[in-house]
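The values are calculated or read from the model by the stated rules, or taken from the named source; none is laboratory data. Not measured: the values here are computed from a predicted model. Counting neighbours? That spans all protein chains shown, and the Cβs are built from the backbone with ideal geometry, glycine included.
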Amino acid sequence: MKKYLSLILLTVMCSAGAVAQQAEPQAKNGQDNSVLGQYRREKATTLYKVDRKTSKGRRVATRKGNNELKKESFTSALNNYRTALKADSNYAKAQYNRALAHSRLGQNDTALAYYDKVCQNSSATREQRTMAHYNAGNIHLRKALAARDTGGYDAQSLQQAIKEYQSALRLDSKNSDAKHNLSLAKQLLRPEQQGGSGGQGQQNENQDQNQQNQQNQQNQQDQQNQQNQQNQQNQQNQQNQQDQQRDKKDGKQQEQRRREAEQMLNAMKNNEQQTMKSVRMKEASKERRQGSPTKIEKDW
């Protein structure tokens, strides 16, 4: 497998020279952007339904094309991709891989046309569309670098490359290869052309920045609302705890007062009993002295 990758990279580097090294950096941040690496990452999911026969036909033909592409049999690969697209003209994976094959054959205009089909295809995955914009940018950048190597200057290709890289970054802001090539294209663009290239590009960047700022503000507002709700909930919980503690305390105080009242009532009863007993004893003693018995009531 590594042998096939080496052969593919060697062929591209030999055909483009220093252009390929600058325009298509490989394996940054651990991500393999080789043809095989792109195939491995492609997990196309169609958003439309096709019958089983059509699905099998396009899948088999595309797989055969991929095998031919790995062998650098680009013409044979194209024939298989054509077969897949005859079965389903909207099959994004075959569109993307056909663009790769045309690019390897140096048929840049056709490759750009199929990359554009992928970018406009609603059934293409986000990664497919990102890589289609990125690869299209590389084609334009190679054109500009080739013109520079012969003493020329291709501002239009640089502007198109910048546009494609910016589109790729809007889909995947973490694509380090697109960031690298975008920086290179901007450096190659002459100052007098930067306003033109970047008129639309700068506008897109400003729109993206504004959208990002709005999103950040919305996120901050949502976080603040959540924090306020949490604070209110915490305050409510604290108030409930205080109320429970107060009720508990009031209950204890009421119980204490009830016990004290019972104690006072019992004390009063005891005093009254003692007083009555003392009075009766005095009366009995007086009657004994006088000689007339007195009935003593029962204590209560």
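Within segment 126-138, is there a residue that is more than 16 Å from Leu100 (Cα to Cα) and either assigned by TED's automatic domain parsing to the domain that holds Gln95 or aromatic (Phe, Trp, Tyr) (or both)? Yes, segment 126-138 contains a residue that is more than 16 Å from Leu100 (Cα to Cα) and either assigned by TED's automatic domain parsing to the domain that holds Gln95 or aromatic (Phe, Trp, Tyr) (or both).
The residues in segment 134-181 that are within 22 Å of the chain's Cα centre (by Cα), outside any helix (DSSP H, G or I) and not polar (S, T, N, Q) can be counted, and the count is 2. Of the helices (runs of 4 or more DSSP H) that lie entirely inside segment 47-133, those containing 1 or more residues that are surrounded by fewer than 17 Cβ atoms within 10 Å (Cβ to Cβ) and within 35 Å of the chain's Cα centre (by Cα) span 52-70, 108-120.
For segment 144-154, the criterion of a residue being β-branched (Val, Ile, Thr) and touching a Phe, Trp or Tyr at 6+ places or on another chain (Cβ under 7 Å) is satisfied by no position.
Please tell me if Gln218 is modelled with pLDDT under 80 and part of a helix (DSSP H, G or I). Yes: the conditions hold for Gln218. Glu68 fulfils the conditions (1) touching a helix residue (DSSP H, G or I) at 6+ places or on another chain (Cβ under 8 Å); (2) free of Cβ contacts under 8 Å to residues at least 60 places away in the same chain; (3) within 30 Å of Leu188 (Cβ to Cβ) except for a single criterion, (3). For segment 110-128, a residue qualifies if it is in contact (Cβ under 8 Å) with a residue 40 or more places away in the chain and of a type in the set (A, V, I, L, M), and exactly one does: Ala124.
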